[in-house]
Amino acid sequence: MKYITFFFAFLFTFNVLAETSLKELKKEAKIDDDGKLNLTEFHHLNSPNAINPVSLSDNSIVGEKSFRFEVNHGECGQEPNHSDCETERERSELSYGWSDEDFETWKKEKWYRFYVFVPKEFNNLAPAQTSIFQFKRFNPSRNLYMFRYHHGGLYFDFNGDTFYPGPFYHLKFDRDMRENWTEVLFNTNFHPNKDKGFVRVWVDGQMKIDYKGIANHPKRGKRFNLRYGIYSSGLDRYRNTFDEKIHKQRVLYFDGVRGDTSCKKLLQDKNRCKKLLSQNVKEYFHYFPEQGWDTSKKLHQYDLVRLDEPLKLKNNRIDQTLEHKHFSKKEIDFLMTAKGNDEKCIRDQFFSGLDLLRKDTVLHERYSRWEVVSVLKEIVKDCLN
């Protein structure tokens with residue numbers, strides 16, 4: 001009898017956590033003073049069957065509560081035109097707008113702060129990717145910036161959906177983040193003019209990114225929003241690398257997420273803002289997951305990817321005069337036209353991604369991202385032998 005009683009007590013407690021409502025989360029965000037941010041919704045691709053995706057925790061650095069995010073194996077969502085479940089993704093995220101609007105707007109300076117706590121037992125599923133804080137623009141839907149948690153710790157990513165694919169910029173080592181709260185400040189104006197745009201990042205009070213250049217798409221970046229939590233992608237890479245079938249549980253804590261129009265309004269500390277803005281970056285640490293570490297004393301100035309470049313076809317085959325900066329003509333032709341056992345070999349590793357590839361063509365910007373290119377090249381190498 002005592003075991004039955006214990007079971008129902010456990011179940012009751014568990015359900016309370018799992019049923020944390022958006023209303024409760026909004027209330028806590030306002031208690032912590034989220035400034036001009038507006039918590040709008042659970043991400044629409046959060047799994048409807050998730051065990052405990054977002055809940056309130058006593059583990060806090062601002063106020064009495066923090067937001068606890070959890071993702072377990074198979075917790076993926078779907079919508080009419082996209083399925084995380086079919087594209088190797090799992091997530092638990094919250095979506096934010098600005099003030100009373102559903103979306104934010106460009107060409108205006110914004111400041112953001114968040115604290116993230118990484119438990120000692122956090123499972124980093126690299127070489128799968130994990131985004132923890134990202135900005136997503138709309139019409140068309142493309143990522144702008146991402147804070148990622150990967151091998152070695154926290155990174156900043158000028159995302160390849162909008163910018164030329166490049167390295168991650170290292171912000172803080174994993175060993176220094178475990179069981180600690182990390183403060184991150186992000187400042188930009190999302191400006192499409194290369195002479196006006198900028199991006200700055202500070203971690204625990206130290207400037208890590210000081211970029212001047214195009215900070216948004218010049219025609220398609222007028223509306224966007226903020227999402228944060230845990231967003232895992234490329235999960236097949238984790239399974240294949242470690243010969244695993246189950247994705248381990250991931251748990252992170254966020255607190256004090258806040259946005260405003262100036263450093264002074266955000267931090268309410270004029271002297272600290274003066275100190276932050278007086279800093280510069282002498283050296284950047286680059287990380288190419290497929291190449292290893294490198295350092296540079298100057299941050300690359302990014303240009304935008306050419307989007308929607310038309311594909312030239314001859315009788316449903318790639319035009320052999322077409323050049324691609326990552327794939328050879330032989331690789332492109334194989335991916336686009338393979339049949340029989342060759343096609344089966346590709347599908348066994350790339351799954352329904354092959355249908356998307358053939359629909360959108362290899363010139364779609366997603367196939368210029370290093371994480372996609374490296375996977376496809378390995379598949380071609382394997383299946384051509």
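Test of understanding: among 55, 131, 47, 92, which residue is touching a Gly at 6+ places or on another chain (Cβ under 8 Å) and outside any loop (DSSP other than H, G, I, E, B)? Walk me through how you get there before you give the answer.
Details: 55 fails: touching a Gly at 6+ places or on another chain (Cβ under 8 Å); 131 fails: touching a Gly at 6+ places or on another chain (Cβ under 8 Å); 47 fails: outside any loop (DSSP other than H, G, I, E, B).
Only one candidate qualifies: 92.
Results for (1) out of contact with any Ser or Thr (no Cβ under 9 Å at 6 or more places or on another chain); (2) modelled with pLDDT under 95; (3) more than 30 Å from residue 138 (Cβ to Cβ), shown as yes or no for each residue.
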position	(1), (2), (3)
6	yes, yes, yes
38	no, yes, no
74	no, no, no
94	no, no, no
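Would you check which residues across the range 69-111 are among the hydroxyl-bearing types (Ser, Thr, Tyr) and either touching a His at 6+ places or on another chain (Cβ under 6 Å) or within 30 Å of residue 356 (Cα to Cα) (or both) and list them? Residues satisfying the conditions are 83, 87, 92, 95, 96.
Looking only at residues of the range 156-181 that are more than 22 Å from residue 295 (Cβ to Cβ) and touching a helix residue (DSSP H, G or I) at 6+ places or on another chain (Cβ under 9 Å), we find that the one that is surrounded by the fewest Cβ atoms within 10 Å (Cβ to Cβ) is 161. The residues of the range 78-111 that are under 16 Å from the mean Cα position of the chain (by Cα), of a type outside the set (A, V, I, L, M) and surrounded by 21 or more Cβ atoms within 10 Å (Cβ to Cβ), listed by number, are 84, 88, 90, 91, 92, 93, 96.
For residue 124, indicate whether it is loosely packed, with under 14 Cβ neighbours inside 10 Å and either under 20 Å from residue 225 (Cα atoms) or touching a strand residue (DSSP E or B) at 6+ places or on another chain (Cβ under 9 Å) (or both). Break it down stepwise before answering.
Details: loosely packed, with under 14 Cβ neighbours inside 10 Å: no; either under 20 Å from residue 225 (Cα atoms) or touching a strand residue (DSSP E or B) at 6+ places or on another chain (Cβ under 9 Å) (or both): yes.
So residue 124 does not fit the description; no.
Against the condition aromatic (Phe, Trp, Tyr) and in a strand (DSSP E or B), how does residue 114 come out, does it pass? Taking the combined requirement at face value, the residue satisfies it. Cβ separations smaller than 7 Å between residues 6+ apart or across chains give the following pairs from the range 186-198 residues that are in contact (Cβ under 8 Å) with a residue 60 or more places away in the chain to residues that are part of a strand (DSSP E or B) and of a type in the set (Phe, Trp, Tyr): 186/112; 187/111; 188/198; 189/198.
Does residue 135 satisfy the condition of being under 30 Å from residue 218 (Cα atoms) and either outside the structural domain of residue 239 (by TED's automatic domain parsing) or of a type outside the set (Gly, Ala, Ser) (or both)?
On the way: under 30 Å from residue 218 (Cα atoms): yes; either outside the structural domain of residue 239 (by TED's automatic domain parsing) or of a type outside the set (Gly, Ala, Ser) (or both): yes.
The answer is yes for residue 135.
Taking the criterion of being closer than 28 Å to residue 125 by Cα, surrounded by fewer than 14 Cβ atoms within 10 Å (Cβ to Cβ) and either basic (Lys, Arg) or not assigned by TED's automatic domain parsing to the domain that holds residue 63 (or both), the only residue of the range 245-291 that qualifies is 245.
Please go through the range 174-206 and pick out each residue that is among the polar types (S, T, N, Q), part of a loop (DSSP other than H, G, I, E, B) and within 21 Å of residue 123 (Cβ to Cβ).
We begin by selecting, within the range 174-206, every residue among the polar types (S, T, N, Q); these are 180, 182, 187-189, 193, 206.
Remaining after also requiring part of a loop (DSSP other than H, G, I, E, B): 180, 189, 193.
The one that is among the polar types (S, T, N, Q), part of a loop (DSSP other than H, G, I, E, B) and within 21 Å of residue 123 (Cβ to Cβ): 180.
The values are calculated or read from the model by the stated rules, or taken from the named source; none is laboratory data. Quick caveat: nothing in here was measured; it's all calculated off a predicted structure. Methodologically, a virtual Cβ is constructed for each residue, glycine included, from the backbone with ideal geometry; neighbour enumeration extends over all protein chains shown.
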